[in-house]
Each structure stands twice: as structure tokens, then as C-alpha cells.
Amino acid sequence: MVRGIMQGSSFHRPTAAGKFLTNSGEKLWIRGVTYGTFRPRPHGDSYPDPAVAESDLSQIAANGLNAIRTYTVPPRWLLDLAAKHKIRVMVGLPWEQHVAFLEDKACTRRIEERLREGVRSCAGHPAILCYAIGNEIPAPIVRWYGRRPVERYLERLCRAAKEEDPDGLVTYVNYPTTEYLELPFLDLVCFNVYLESQDRLQAYLARLQNLAGDRPLLLGEVGLDSRRHGEAHQAQVLDWQIRTAFAAGCAGSFVFGWTDEWYRGGHDIEDWDFGLTLRDRRPKPALPVVRQAFADAPFLRRKSWPRVSVVVCTFNGARTLRDCLEGLSRLAYPNHEVIVVDDGSTDSTWAIAAEYNCRVIRTENRGLASARNTGLKEAAGEFVAYIDDDAWPDPHWLHYLVETFQCTDHAGVGGPNLPPPGDGPIADCVANAPGGPVHVLLADQVAEHIPGCNMAFRRSCLEAIGGFDLQFRTAGDDVDVCWRLQERGWTLGFHPASLVWHHRRNSVRAYCRQQRAYGKAEALLERKWPERYQPSGSLTWGGKIYCKALERALGMRSRIYHGMWGSAPFQSLYQPAPGVWRSLPLLPEWYLVILLLAVLSGLGLQWRPLLGVAPLLIVAVGMSLVQAVNGATRASFATTPRSRWRRLGMRGLTASLFLLQPLARLSGRLWHGLTPWRFRVRFAPKLPRLRRFQFWSERWREPGKILQSVEGALRAHGAVVSRGRDFDRWDLQIRTGLFGRARLLMVIEEHGAGKQLIRFRVWPCYSPGGVAAGLVLACLAMAAIWDGAGAVGLLLGALALWPLGRTILECGVALSVGGRGLKHLWPTGAF
């Protein structure tokens with residue numbers, strides 16, 4: 001029967017593609033309703049009579065719903081009926097999840113066998129949407145065992161389901177109270193969420209989307225009890241619940257439930273009415289509302305959409321440009337233009353672009369930032385969206401960007417970029433290595449940085465800051481423009497469903513070349529934004545970097561917020577920032593530490609006591625190796641080869657990329673001047689001692705304004721200036737290098753009639769690390785000379801003089817900058 005129904009039909013099993021589900025290449029939106037549980041029939045299954053089920057499914061389909069969720073394994077005849085009406089079935093596989101099921105190994109085996117039997121009875125049927133291997137394991141049960149044993153058992157059940165039906169999608173239906181369960185083996189993420197505030201639901205879905213990562217998010221249950229809240233209020237709440245779910249980028253949603261008829265625990269439930277229909281199947285007011293909300297999904301139909309200009313900047317991008325333009329041609333957004341800026345290509349880029357419906361602008365090679373500005377100048381849209389020539393967008397990419405713009409006042413909005421499947425094993429390994437384009441989030445919906453391959457801006461905001469900085473020819477322009485917008489007081493948004501597919505580098509050489517270019521961009525950024533960089537040369541982000549490769553390598557341990565006695569309704573993971581020692585081996589400068597330890601160990605061949613440094617060298621190298629292996633073993637590949645040796649080879653290559661990436665990034669930094677020993681300013685140093693300044697002012701000025709003027713004057717002299725925090729006993733800190741700095745404190749004497757005596761105290765602040773390193777090396781130098789190893793002693797002495805001398809020199813320069821800045825500011829009348 002089903003074979004005949006499906007022959008020549010587009011009704012096939014869906015697949016997961018990034019954040020969405022697809023059917024035969026077309027995006028599939030799940031417009032679902034839960035079905036059951038029902039009182040078991042005598043000598044039958046836990047479903048209504050086939051005639052009643054036929055009527056139910058007919059009404060479900062007639063109301064625009066395309067999926068049902070069951071809580072027990074449906075009989076084959078029900079699947080056939082679902083297929084007849086082109087309704088997909090999310091199959092619930094019930095088991096004893098509300099008891100301490102891990103206590104008895106025989107019980108866990110019985111659960112697995114029943115699950116296998118359930119999947120086996122449905123295997124291969126085209127109506128199957130996915131299998132739910134569990135539903136809301138109670139939080140006290142998870143807390144009793146700990147999350148890891150429960151996660152491992154769910155993974156065991158997932159493997160069992162995949163073995164019985166390899167083509168079936170598998171999920172677990174979670175809920176907020178066990179949100180912290182990490183289940184990366186699932187094909188899609190599913191949550192039951194009952195929130196009666198639209199703002200809270202919107203915020204929580206944004207959190208769930210970030211937890212889901214690059215997998216589809218499906219709402220397994222939403223709903224409201226009409227018995228307690230009234231049928232009219234039920235209809236109103238379901239309307240915004242469904243619309244909010246799709247606006248948040250969910251792949252679909254199930255309304256709980258089809259009918260008020262509900263059987264649970266051996267009894268008919270009479271005091272709850274969650275259904276869209278009454279027990280006799282008469283529709284409630286919620287049914288037409290739900291039908292319309294699903295019909296409008298994923299976006300409300302509008303008479304007009306604002307104009308968006310999509311800019312593709314390319315230089316010799318013929319290899320991937322066709323994929324990009326093909327993807328742009330499939331955009332569902334009704335009001336957009338595509339502008340291709342050919343930045344002096346010498347390949348067939350122009351000829352490829354000319355085949356598509358887009359404007360092509362050819363310029364001489366001026367670099368990426370210049371090409372972006374050219375696109376901005378030619379753009380006619382209210383919003384300007386940028387995508388790289390080696391990426392292509394999801395068909396609804398612009399919809400999600402524009403919806404975010406229109407619901408917020410963000411100056412820019414970005415989304416994720418995912419590696420496409422089928423790019424080959426090397427690209428797959430690169431996708432699991434660090435250094436790729438990632439987003440940095442300050443909150444679930446607010447970004448600190450959005451990558452250049454997927455970013456959009458209000459054209460007025462970009463024009464207000466003068467566009468992109470022309471010095472960034474290959475990279476770094478996106479970071480700079482984000483910071484400049486935020487410096488103006490504007491914010492950046494993030495929408496997890498506005499995704500693009502972005503090719504990763506397909507060779508180790510290309511990957512290393514990319515990382516060197518990023519190192520160069522960091523050097524340029526540091527010259528422009530020195531206060532955002534640490535003295536060693538690494539960038540400091542205020543938000544969370546969403547990079548799976550780094551999280552896997554760091555192996556960060558998380559804590560669960562349970563609430564008192566496990567009572568919290570929303571129990572989530574708290575993941576503290578990684579400690580210094582845990583994150584050090586991922587920094588490019590760590591290789592300089594290894595080099596220094598290697599030099600000292602090598603000198604041990606001449607003076608044996610220095611061989612004591614060798615264990616430190618082994619530890620330093622071992623830390624890098626451990627993190628590389630940790631990242632590689634936890635990597636998830638788009639296509640896992642069946643051969644064990646090929647799998648080992650891919651993990652070995654991924655580990656090698658973890659080691660190569662910081663080295664390549666370091667070479668780019670050093671070659672372009674971003675060195676730990678760089679000098680920020682070139683002034684003659686002062687003697688590093690406490691200095692005092694005082695200025696008389698005939699006009700009263702607010703202390704904060706005075707310090708802002710001092711801060712600006714110091715920055716104008718090239719120093720890196722930071723402000724004192726709440727518990728610091730200083731106001732401003734002046735940094736000129738790695739080891740030395742100066743601190744400034746101000747006090748104001750009020751002399752009446754608005755007259756002020758403004759006093760400043762500036763004193764040196766020595767780096768404890770630099771002083772300690774110098775003293776240790778000096779002691780080793782004296783010991784070597786005393787022991788007769790004069791050459792080694794002289795070399796160690798020279799090494800000791802460097803941190804000690806640099807500390808004194810940098811403190812003296814910082815004091816000089818402080819004095820010059822204050823004296824320069826006074827004659828201008830800024831006080």
C-alpha cells in the first residue's frame with residue numbers, strides 16, 4: 001500500500017542539513033501535533049480504532065499539519081495511514097525512564113531490547129520523521145546518577161536505534177530541568193518548553209539554539225491548558241508560541257496535543273485540557289489559530305520587505321564562486337540585489353559572475369576592505385549583507401537577518417557559518433581544527449564579533465563610520481568594523497538560523513597560509529587597538545568564543561546549576577573561563593616559551609645543572625600534545641571513513657593541525673611586528689621612581705572629565721592605557737611593553753569659587769614575572785661562572801639582563817609618557 005502511495009511522490013524521509021530538515025533537497029518545516037496517549041483497546045494497541053485514527057489524521061492534514069508525535073510505538077497500519085495523508089511521525093520509544101533504571105544491568109538490557117524491537121517494527125517506513133529514544137528523564141534521576149552515566153546510556157540507545165534503522169534520524173526529547181545533558185551523537189535537538197511569556201520564550205529559544213550548535217532544534221511540546229486558562233487564551237498563547245519558535249530558527253514545533261482525550265498511568269486524565277479539539281473531536285478556537293500560524297511559518301507574509309544589497313568580494317575565486325552565486329540565486333527573500341566586486345582577478349572570475357543575475361564591478365587589486373567599500377558605495381539597499389566567495393547561504397538567510405534588524409536596533413547582525421559536507425577529508429580535518437571564522441557572543445542574541453563570511457549591517461551605520469579600513473587587505477576588516485561600531489555605542493546581533501555554508505581550506509598548505517594571514521591581520525589590529533591586546537600579543541575577548549575545536553582541546557569541565565536540593569526549574573551548565581595553564585598551550589606565544597626552554601636545555605650539554613630544565617621542556621611540549629590529541633579524539637567528522645586506519649589518519653591530521661595552527665599564526669604575527677618585545681612608544685626613559693605633578697585651574701572641572709582628557713592625551717602619545725577597576729587604588733595604567741608599566745592616581749583640592757588644585761602621582765609598576773625570570777637567570781649565570789662554565793654563564797647573564805633591563809626601560813618610558821601627556825595637556829586648556 002505505502003509503496004504505491006509513495007511511488008512518484010516527493011514524500012521521503014527527511015535528512016538533517018545544518019540547522020534545518022530537508023526532504024529531497026527542499027527545506028521541511030515541521031508543523032506538528034502530539035497524538036496520544038490513548039486508552040489501550042482490548043487485545044489491541046494503544047491507539048484509537050483505525051476508523052477513528054483515519055478521521056483524526058484526515059482532519060490533521062486538512063488543517064495544514066504535516067507531522068504527529070506519538071509516545072508509544074505506532075502499529076504499522078497507523079504509519080500507513082500517516083503516509084497516505086503525507087503526515088510524518090515522530091516515534092516515541094517508551095521505557096522506564098522515571099525509575100532508577102541504571103541500578104540493574106538486566107533492566108538496561110531489557111530497555112535496549114524493547115527499543116530495538118520498536119525501531120525494528122518501524123524500520124524503513126517512509127512516514128518516519130525520527131525516533132525519540134527518551135522523553136524527559138526526571139532531573140532527580142539524572143542527579144542521582146550524574147550526567148555522564150545517563151549521557152553514555154542514551155548514546156548506547158542511540159547506537160541501537162541506528163543499527164536497527166540506519167537511515168532513521170534519532171533524537172532525545174529533553175526539557176529545561178535537564179538542559180545540561182550533552183548529547184552530541186543525536187541528529188537533532190528536541191525540547192519540551194512550556195513558557196507563558198513571549199519574551200521569556202524568545203530568550204530561552206536563543207539559548208537552546210546556541211546549545212544545539214549546528215543541528216536542527218525542534219520543539220517537542222508547546223501548549224496551554226484551556227481548562228484553567230480558557231479556550232480563548234489558549235488560542236492566543238499558541239499563536240505566539242508557534243510564531244516565536246519559527247522566528248527563532250526552529251525547524252518546527254509540535255503542539256500538545258490533538259485532543260483533550262488523554263490516558264496516562266492507567267487512568268483517563270480528566271482535569272487537563274491541552275487539546276486542539278475536545279474529546280469528541282469538535283474543534284476548539286485554538287485549531288484555526290494554529291492552522292493560520294503554521295500556514296504563515298516560517299515568516300509572516302508581508303506586502304513589502306526592505307531592500308537588501310548582498311555583496312560578494314572576490315579575488316581569483318573562480319574555484320568556489322559558482323557555488324556562491326548558485327546559492328544566492330536560490331534565496332527566497334523577495335527584495336534583494338547581488339553585487340559582485342571583482343578585486344582585480346586574473347582567472348575566470350568575471351566570466352563566471354557574468355552568467356548570473358548580478359551586478360559585476362571590476363576594479364584593480366586593492367584588497368578586501370577596499371572591495372567591501374566598493375560594494376557599500378554601489379549598494380541600493382537599506383541593509384548591506386556580506387558573504388565570502390567560498391560560501392553560499394541558506395535560502396532563508398536574508399529573512400532571518402532582516403527580521404532581527406526590524407525587531408532590534410542592532411547596527412549589524414550575523415549568523416553561524418558551517419562547513420559543508422563532501423569537501424573531502426582534509427577540509428573535514430581543518431573544520432575540526434582551531435583558527436576558523438567564528439562568532440563571539442556577549443549574550444545569546446548579542447555579539448561582540450561576527451565573521452566576515454556572514455555579516456550584515458545597516459547601510460547608514462556603515463557609512464557613518466566611513467566603511468572598512470583600507471589597511472586590512474586580506475583579513476581583520478570584520479573585527480575592526482565590529483569594534484568601531486561598538487565604539488559608537490551601537491550593538492551587534494546574532495541569529496543562529498541565518499546560516500551560510502562556508503568551505504574550509506582543502507590542503508594543509510592553504511590552511512597554514514590562511515593562519516599566517518590571520519597573524520598579519522592581528523598585528524595590524526594591535527597597532528590600531530592596542531588596549532584590546534595583552535602584553536604578550538594575544539587578543540582579549542569579552543564574550544564567549546563559539547569554537548568547538550577550542551572547547552574540545554581545552555576539555556573544560558562544567559558545573560551544573562541544580563538549585564537548592566535540585567529544585568531549579570531551569571538547570572543549566574556553568575562553564576567557567578579556562579585557567580591560564582589550561583589555555584596557554586593554544587597561544588602562539590607558547591612556542592616562544594618552548595624555544596627558550598629548549599635553548600636552556602641545550603646549554604645543559606655544556607653545564608649539566610641546566611639539564612634540570614629539560615623536564616620543564618617535556619611538560620611544555622606535552623601540554624601542547626595533550627591538547628592536540630584531546631581536540632582530535634573528540635572531533636566529529638562530517639563523513640567518517642569506514643576504515644579504521646583512515647579514521648586514525650584523519651584524527652592524526654587533526655592533531656597535527658592543532659600543533660601547526662599556533663605556529664603559523666605566530667609566524668604571521670612576528671613577521672609583521674606583533675612581538676612580545678615590541679615597544680609601543682619611542683621616548684627617552686625617565687628614572688623609574690615616583691613622580692608628582694600638580695596644576696592649578698581657575699575653572700571647576702568634573703574629576704571624570706579630567707581623567708578622560710588625561711587618558712586621551714596618553715593614548716595620543718602611543719601608550720596603551722587602561723582604567724582602574726572598582727577595587728584598584730589607581731586611576732589609569734600606562735603600558736609601553738611586556739614587562740613595565742606606570743600607574744597614575746589623581747586627587748583634586750577644591751579651593752572655592754570653582755578653583756582647583758589638581759595633583760597627580762605617577763609611579764613605576766614592575767612585572768613580577770619579568771623580575772623573577774631575570775633574577776633566576778642571573779642566579780644561574782653566577783652559578784655557572786662559579787662552576788667554571790664561563791661561556792654558559794655569560795650567555796645566561798645576557799639572557800638575565802634582557803627581562804631586567806626591559807622592565808626598568810619600559811617603566812622609565814611609561815613614566816616619560818605620563819609626564820609628557822600631563823604637561824602637553826595643561827597648556828591646551830583642557831582642564
Seminar exercise, completed: Among GLU261, GLU182, the single one that is over 19 Å from the mean Cα position of the chain (by Cα), acidic (Asp, Glu) and open to solvent by 40 Å² or more (accessible area, probe 1.4 Å) is GLU261
Exercise. Does the stretch 681-692 include one or more residues that are under 36 Å from the mean Cα position of the chain (by Cα), touching a residue at least 12 places away in the same chain (Cβ under 8 Å) and under 30 Å from TYR518 (Cα atoms)?
Worked result: no
Exercise. Mind checking which residues of the stretch 80-106 are within 13 Å of VAL119 (Cα to Cα) and either outside any loop (DSSP other than H, G, I, E, B) or open to solvent by less than 20 Å² (accessible area, probe 1.4 Å) (or both)?
Worked result: VAL89, MET90, VAL91, GLY92, LEU93
Problem set entry | Condition check for ALA132: open to solvent by less than 10 Å² (accessible area, probe 1.4 Å) and either part of a helix (DSSP H, G or I) or more than 20 Å from LEU21 (Cα to Cα) (or both) | no
Seminar exercise, completed: Conditions (1) in contact with a helix residue (DSSP H, G or I) (Cβ under 9 Å, 6 or more places away or on another chain); (2) more than 26 Å from TYR204 (Cα to Cα); (3) in contact (Cβ under 8 Å) with a residue 60 or more places away in the chain -> GLY422 fails only (1)
Exercise. Of all residues in the stretch 641-671, which are open to solvent by less than 20 Å² (accessible area, probe 1.4 Å) and among the hydroxyl-bearing types (Ser, Thr, Tyr)?
Worked result: THR654
For this session: Determine whether the stretch 432-448 contains at least one residue that is of a type in the set (D, E, K, R), open to solvent by less than 20 Å² (accessible area, probe 1.4 Å) and under 13 Å from the mean Cα position of the chain (by Cα).
Result: yes
Exercise. Which condition number does VAL52 fail, the rest of (1) under 34 Å from the mean Cα position of the chain (by Cα); (2) at pLDDT below 95 being met?
Worked result: (1)
For this session: Out of VAL2, VAL33, report the one residue that is at pLDDT below 85, of a type in the set (Val, Ile, Thr) and closer than 24 Å to TRP258 by Cβ.
Result: VAL2
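Tell me whether the stretch 18-28 contains one or more residues that are more than 32 Å from the chain's Cα centre (by Cα) and either assigned to a loop (DSSP other than H, G, I, E, B) or modelled with pLDDT under 95 (or both).
no
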For this session: Please enumerate the residues belonging to the stretch 485-501 that are of a type outside the set (Phe, Trp, Tyr) and open to solvent by 10 Å² or more (accessible area, probe 1.4 Å).
Result: GLN486, GLU487, ARG488, GLY489, THR491, HIS495, PRO496
For this session: Residue by residue through the stretch 144-176, note down the ones that are assigned to a helix (DSSP H, G or I), over 14 Å from GLN97 (Cβ atoms) and in contact with a Gly (Cβ under 8 Å, 6 or more places away or on another chain).
Result: ALA161, LYS162
Exercise. Do any strands (runs of 3 or more DSSP E) entirely within the stretch 302-369 hold 1 or more residues that are under 23 Å from ARG504 (Cα atoms) and open to solvent by less than 20 Å² (accessible area, probe 1.4 Å), and if so, which?
Worked result: 308-314, 336-343
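Residue-by-condition table, conditions (1) closer than 29 Å to GLY249 by Cβ; (2) at pLDDT below 95; (3) of a type in the set (Gly, Ala, Ser):
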site: PHE274; (1), (2), (3): yes, yes, no
site: LEU278; (1), (2), (3): no, yes, no
site: PRO288; (1), (2), (3): yes, no, no
site: ARG291; (1), (2), (3): yes, no, no
site: PHE294; (1), (2), (3): yes, no, no
site: PRO298; (1), (2), (3): yes, yes, no
site: ARG301; (1), (2), (3): yes, yes, no
site: SER309; (1), (2), (3): yes, no, yes
site: ALA318; (1), (2), (3): no, yes, yes
Exercise. Name the helices (runs of 4 or more DSSP H) wholly within the stretch 534-640 that hold at least 3 residues that are buried (at least 16 other Cβ atoms within 10 Å of the Cβ) and modelled with pLDDT under 75?
Worked result: 548-554
For this session: Output the strands (runs of 3 or more DSSP E) that fall wholly within the stretch 442-512 and possess 3 or more residues being more than 20 Å from PRO530 (Cβ to Cβ) and touching a residue at least 60 places away in the same chain (Cβ under 8 Å), or say none.
Result: 454-458, 492-494, 500-502
For this session: Could you list, in sequence order, all residues of the stretch 720-742 that are under 33 Å from the mean Cα position of the chain (by Cα) and touching a residue at least 60 places away in the same chain (Cβ under 8 Å)?
Result: VAL720, VAL721, SER722, ARG735, GLY737, LEU738
Problem set entry | Selection status of TYR194, closer than 27 Å to LEU499 by Cβ and either surrounded by fewer than 20 Cβ atoms within 10 Å (Cβ to Cβ) or more than 20 Å from the chain's Cα centre (by Cα) (or both) | no
Exercise. For ASP271, all conditions in the list (1) open to solvent by less than 60 Å² (accessible area, probe 1.4 Å); (2) of a type outside the set (Phe, Trp, Tyr); (3) in a loop (DSSP other than H, G, I, E, B) hold save one; what is the number of the exception?
Worked result: (1)
Seminar exercise, completed: Within the stretch 274-284, residues being open to solvent by 40 Å² or more (accessible area, probe 1.4 Å) and not in a loop (DSSP other than H, G, I, E, B) number 1
Exercise. How about the stretch 175-193: which of its residues are hydroxyl-bearing (Ser, Thr, Tyr) and either in contact with a strand residue (DSSP E or B) (Cβ under 8 Å, 6 or more places away or on another chain) or at pLDDT 95 or above (or both)?
Worked result: TYR175, TYR180
Seminar exercise, completed: Residues of the stretch 55-79 being open to solvent by 10 Å² or more (accessible area, probe 1.4 Å), over 38 Å from the mean Cα position of the chain (by Cα) and within 19 Å of GLU117 (Cα to Cα), in sequence order, are PRO75, ARG76, TRP77
Exercise. Of these, GLY673, GLY668, which one is modelled with pLDDT of 90 or more and within 30 Å of ARG509 (Cα to Cα)?
Worked result: GLY668
Exercise. If you scan the stretch 514-542, which residues turn out to be under 25 Å from ALA431 (Cβ atoms), charged (D, E, K, R) and in contact with a Leu (Cβ under 7 Å, 6 or more places away or on another chain)?
Worked result: GLU522
For this session: Residues being more than 20 Å from LEU276 (Cβ to Cβ), among the charged types (D, E, K, R) and in contact (Cβ under 8 Å) with a residue 60 or more places away in the chain: count how many of those fall in the stretch 40-84.
Result: 2
Exercise. What pairs come up if the first residue lies in the stretch 252-264 and is of a type in the set (A, V, I, L, M), the second is assigned to a loop (DSSP other than H, G, I, E, B), and their beta carbons are under 8 Å apart, counting only those six or more places apart or on different chains?
Worked result: VAL255/GLY223; VAL255/LEU276
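The values are calculated or read from the model by the stated rules, or taken from the named source; none is laboratory data. Since the model is a prediction, treat every value here as computed from it, not as a measurement. Backbone-built Cβ (ideal geometry, glycine too); neighbour counts: all protein chains shown. Ligands, DNA and RNA are excluded from the accessible area calculation, which covers all protein heavy atoms including side chains. Shrake-Rupley method; radii C 1.70, N 1.55, O 1.52, S 1.80 Å.
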